[in-house]
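K.L.:
Structure incoming, see below.
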Ligand code: HEC
Ligand code: HEC
């Protein structure tokens with residue numbers, strides 16, 4: 001069945017026909033899994049019961065859907081290339097920068113104490129901004145306002161390293177946001193709406209793949225629940241580490257939708273909603289994926 005679907009795709013379908021048939025092709029691309037699902041093989045570390053309002057019965061880390069080789073590389077600090085960025089982040093932590101000539105460490109001391117749990121609680125409501133901030137935005141807030149330094153670009157090596165470093169201080173701690181602060185509930189609801197809205201030429205919503213079809217194959221990839229507890233992530237496909245919002249961009253491109261910008265309100269809202277959908281999953285940053 002899987003072969004048939006991929007043969008169909010490889011056939012030279014003209015672009016116009018493909019876009020007309022997009023819905024049907026997408027439906028046929030999805031192949032019910034007839035092999036053993038890795039996460040059922042016995043590694044239940046990252047499967048937690050979902051809270052009662054969650055449409056998912058259980059929340060399962062993306063790691064559990066990957067092959068044994070990928071999971072092995074994920075688990076081993078020396079094989080997981082994401083840890084090179086964690087090291088880089090540790091170095092940046094104590095490096096003075098900006099007109100104030102200050103380092104993160106000057107104000108935040110030992111990250112293993114001051115940042116423990118912080119990465120698991122973002123995006124977080126910020127009264128001054130009047131909106132929730134993703135961790136990247138909070139870090140840039142410190143760079144600009146507390147250090148007099150240039151903000152880092154979202155997908156820059158420095159930002160990825162610092163986010164990996166800060167998130168890694170919460171390794172194994174459950175993701176949990178404070179939805180009672182400010183307008184967090186409205187932002188969560190906005191993220192939920194985005195999650196279930198069909199977009200793009202393939203007319204699909206996030207939920208069509210990550211809720212209706214996790215455990216099934218799409219081409220050679222086994223679909224996961226699209227959880228976010230492993231970001232930033234090293235991907236073989238990227239040959240490097242990328243942010244969560246980069247993944248959002250990729251998933252939207254795959255369904256031929258116009259992606260939003262990294263750091264946009266839309267993606268922060270999605271991130272908040274996905275944190276809620278994965279509440280309780282342990283942070284596993286930085287993770288390895290194919
Ligand atoms: C056509 C199917 C499809 C749609 C629709 C889709 N994705 Fe994905 N997504 C994938 C595939 C394939 C992967 C890689 C395998 C996996 O983890 O599911 C992936 C991976 C992810 C991951 C990484 C999970 C991990 O543990 O590494 C996240 C997060 C994600 N998607 C979020 C989204 C969001 C948000 C949307 C809606 C804007 C979306 N996806 C729409 C196919 C899809
Ligand atoms: C001059 C002092 C100063 C410097 C330097 C500084 N910060 Fe901050 N940072 C603060 C203050 C003050 C807060 C707000 C504390 C609060 O909200 O409880 C804060 C808050 C944060 C938070 C949010 C913590 C939370 O619990 O939500 C993060 C993350 C953070 N800083 C990261 C960094 C990083 C990374 C750097 C270096 C690039 C840095 N900061 C540099 C003073 C500083």
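K.L.:
Quick one: length gained pulling residue 254 to residue 236 fully straight, 0.36 nm per residue minus the C-alpha distance?
P.N.:
In short, 4.7 nm is gained.
K.L.:
Here is a further query. If each residue of separation counts as 0.36 nm, what is the full-extension length gain between residue 203 and residue 290 once their alpha-carbon separation is subtracted?
P.N.:
Extending this stretch completely gives an extra 28.8 nm.
K.L.:
Take the Cα coordinates of the stretch 159-272, assign each an equal point scatterer, and use the Debye formula without solvent to give log10 I(q)/I(0) at q = 0.10, 0.13, 0.15, 0.20 Å⁻¹.
P.N.:
-0.32, -0.56, -0.76, -1.34
K.L.:
Give me the one-decimal Kirkwood hydrodynamic radius in Å for the stretch 94-184, with the sum taken over alpha-carbon pairs.
P.N.:
Across the stretch 94-184, the inverse of the average 1/r is 13.8 Å.
K.L.:
Just rank 78, 231, 217, fewest to most, by other beta-carbon atoms within 10 angstrom.
P.N.:
Lowest count first: 78, 217, 231.
K.L.:
Describe numerically, in nm with one decimal, the distance between label points set 7 Å from Cα along Cα→Cβ at residue 94 and at residue 76.
P.N.:
2.9
K.L.:
Going by average Cβ density within 10 Å per residue, which order do the peptides 271-277, 259-265 take, highest to lowest?
P.N.:
Highest-to-lowest ranking by the protection proxy: 271-277, 259-265.
Where a number appears in this text, it was derived from the coordinates with a stated rule and is not lab data. Bear in mind that the values here come from a model prediction, so they are computed numbers and not experimental data. Glycine gets a Cβ as well: all are built from the backbone with ideal geometry, and neighbour counts include every protein chain shown.
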